[in-house]
Structures are given as C-alpha cells and as structure tokens.
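The values are calculated or read from the model by the stated rules, or taken from the named source; none is laboratory data. In this text, all values refer to a predicted model and were calculated from it rather than measured experimentally. FYI the Cβ positions are ideal-geometry reconstructions off the backbone, even for glycines, and counts take in every protein chain you see.
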Amino acid sequence: MTTPAFLPTPVGSPHFAYRDGTLHAEGVSVAHLAERLGTPLYVYSRAALRAAYGAYRDGIGARDVLVCYGMKANSNLAVLREFARMGAGFDIVSAGELQRVLAVGGDPGKVVFSGVGKQAAEMRLALEAGVKCFNVESVPELHRLSEVAHAMGKRAPVSLRVNPDVDPKTHPYISTGLKENKFGIAIEEAPAAYRTAAALPGIEVVGVDCHIGSQITETAPFLDALDKLLDLLDELAANGIQVEHLDLGGGLGIRYFDETALAPSDLLARVFERIDARGYGSRQIVLEPGRSLVGNAGLLVTRVEYLKPTEARNFLIVDAAMNDLIRPTLYEAYHGVLAVAPRTDAPARYDVVGPVCESGDWLAKDRELAVREGDYLAVESAGAYGMVMASNYNTRPRAAEVMVDGERYHVVRARETVEQLLALESTLG
C-alpha cells in the first residue's frame, strides 16, 4: 500500500506517532496489535502515563503536595499499579475502587474517598483500610459517618467538600461546582457544617475540599474557587477549627482537537503564590487529577466494516460502538480519528458510526478519511472515560485492553466473551 506524502500528526502525546507509514504506540505497530488481539481494542502507552505524572511532579518541586489519581477516569489494574509505583495516592468514589487500589498494593493512607452516596458498608471498609480522608458531601452523610466510625471505636478523618459556586466553563455534565449541581455543601453553609463536624464523636476534621469540574483549560476558575476556600479557612480558624490540608480537586483538561491544555506547573505556580500570600503555605495541598493523567495515553482501535454512502451523508461503519466509547453520544464529545495505515485514495467525508441499534451510536461526525473496508482506525484521546464507562449493551462483550511498554506489549484486560456474560444469568425452572 502506498503511503501518503503527508501523514497526520496525532494529538496529545508524542508516544503515538507514524513510523514507516503506519501508526505506532511507542515502538509497537497499532496494526500489529489489532491483527493479533482483535478489535475493538484499547491501547495504552506506559511512557505516556509516566510523562503525564512527571508533569505534576515537576510542577510540585519540593512543596508538600499529594497527587491522588482520580481513578474513575480509568481503573484498569495495570494503570493503577503504574501510578502506585510512582508514589501517587488515589481519589476513589466507591468501595469497589478502594478494593482495586488495595489489589495493586496502593497505600490506603494516600486515598481520599469522594462521592455523594457513600453507604455504611463502604464507610466501614474504608475505615478498616485506614484511608487518608473522607470527602464528605452533605450533613446527613456526616452524621452517618460519625455513627459508623463511633460504633467501630474510631474517628473518621474528614474533609468537607465545599461547593464554591464557580463556573468552570465546561460541559454541563462535567461541571460540579455550581449551586445547581448535586455535589458538595454550599460554601455559605460550610462554617455551620464544620462546627457540626467538630462536635461529632466519630469525626476528626482534617481538611477542606472542592472540585469544580473537568476538562478545564484555564487557571481563572481554579483561582476563583481557591480564593473562596482561603476565605473559608480564615473563618474556620476564627472559630478554632484548623485543617491540615487543602484539596483542590482535579479537572485539568487535555487536548482532544485544538485545545491548549493547562500545564500542571502553570496552575501550581499560581496556587502556591496565592496560598503563600494568604499565610497558608504550610498546608498540604491535595490534587485529584484523572483525565489529565490518562486521557491522551490511550487509543481505541476499531476496524472498518462497511462504507455506506447515502443521499444525505456518508457513513463509515466500524466494529466499535457507543457501548465501547460513550463520550461522543453522552457529551457530543470530539475525538480525533486517524487511519492506522493511511492510503493515497481520494478522501471522503464520513460519519463514523457503530453497529449498535441506536441513532446516537456514533464516534465522530463529518471526518475526512481515505479508507477501505478492513482498514483500521484509531480513536484518539480515549484513555479517560473510555473503557471504564463501557457496557454490554446489545450483548456486546467489552473490548480488550493492552499496555505498550517500549517494544513490548501486555494484555492488561482480556476481551470478554458472550459465554462469560451469560454465565452470570439464570432462567426460571
């Protein structure tokens, strides 16, 4: 096959690039992975994960900052193990996620437990494990946690998640810091909630927490929220309530198309400047990045099944679907689409769609591609909220996941089979 004179440039990570006319993940041909392992297939780059974490480490320098990976973005055990090895903590939202952390040898003392609906059994498991902190999101949750901890003869370390009513200027489904969102405690109500917490027998106040949203590409929303948190710290101190850490959440965006991603070092420099000026430079800072650590470290590889021209538009039907990557359907999210081995054929404009029986089953719209049936495509920036949100809709087994490490690769999650799905069900006698 003749290679085009000019090849597209993958977005987000230098660890995905064209070599000899075909897309590679580090030193491994993506086409080779697809042929050997089948499609749909999630492909991750170990070097990209390390580089993303390194960007935070470089921005932190000698300051007291704990990076707790927001593992809801991608909870594959190999991904978690990689971050644990690099010294990361974890931001969890369920007991299942805590069990994943423990399974890879993660330090529970570096775990913050977020989420609006923690159940008593989850609280007990986290207390037994010895998590660093519960990010409590309501006063009723505060009372339940105190009851559970007190019955166990423990005091639960608590940070109240404060809702600062700051607009992160992102998609409404991933905005979490406005008054109309379900998350956190309104900042006006926070002082009273902290006084309640300090008086409860099963609670130890250790921090203040907020998280305003995701895919944020500018510093202003973070700093607006930080100013409100620092005002709250002043008020708490006046009431005799001291905290050990300030949790600023996560939310840094990545490049999906032409965005300019906010570098961790740029944000942290402004944060350090602001807290130092307000006299809180000795407090530990906790961060909960998810997407910015894994988003650009992954691809979803899919095979072209059919080219279907119609009067209204051209459809490019692939074997991946909304059950494999729901972000385009759920958020109308943009993901770049690359031909794994680009052709010199005349390109056409296609909507890239899957086989699921829904009109909303699409991965990309109006993309210019030169492909034929049987070719492979790579959906970019699929390392976050891809496989972790996958489902078995239409009784479709979920994709395999593979981690590339230089010239080698490792299957880090086997492809499901229909037999495995059916084995969990039964019929009436």
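Some points to look at:
- Just one of the listed residues (ALA95, ALA62, ALA84, ALA51) is more than 20 Å from ALA390 (Cβ to Cβ), surrounded by fewer than 21 Cβ atoms within 10 Å (Cβ to Cβ), at pLDDT 95 or above and touching a helix residue (DSSP H, G or I) at 6+ places or on another chain (Cβ under 6 Å), namely ALA95.
- Near pairs, Cβ below 7 angstrom, 6+ apart or cross-chain, from segment 225-251 (within 27 Å of PRO264 (Cβ to Cβ) and at pLDDT below 95) to any residue that is surrounded by fewer than 21 Cβ atoms within 10 Å (Cβ to Cβ) and not aliphatic (A, V, I, L, M): LEU226/ARG274
- Within this structure, GLU368 fails the test of being in a strand (DSSP E or B), under 17 Å from the mean Cα position of the chain (by Cα) and under 30 Å from THR217 (Cβ atoms).
- Flag if ILE203 is at pLDDT below 95, touching a Ser or Thr at 6+ places or on another chain (Cβ under 8 Å) and among the aliphatic types (A, V, I, L, M): no
- Pairing residues of segment 46-65 that are in contact (Cβ under 8 Å) with a residue 60 or more places away in the chain and under 24 Å from ARG408 (Cα atoms) with residues that are among the charged types (D, E, K, R) and part of a helix (DSSP H, G or I), at Cβ distances under 8 Å and at least 6 apart in sequence or on separate chains, gives ARG46/GLU82; LEU49/GLU82.
- The set of residues from segment 238-265 being of a type in the set (D, E, K, R), surrounded by fewer than 19 Cβ atoms within 10 Å (Cβ to Cβ) and farther than 22 Å from GLY383 by Cα comprises just one member, GLU244.
- Helices (runs of 4 or more DSSP H) fully within segment 263-351 counting 1 or more residues that are under 29 Å from GLY21 (Cα atoms): 291-294, 327-331
- Residue list for segment 94-124, filter: under 24 Å from VAL65 (Cα atoms), part of a helix (DSSP H, G or I) and under 17 Å from the mean Cα position of the chain (by Cα): GLU97, LEU98, ARG100, VAL101
- Enumeration of residues in segment 27-48 that are surrounded by fewer than 19 Cβ atoms within 10 Å (Cβ to Cβ) and assigned to a loop (DSSP other than H, G, I, E, B): GLY27, GLY38
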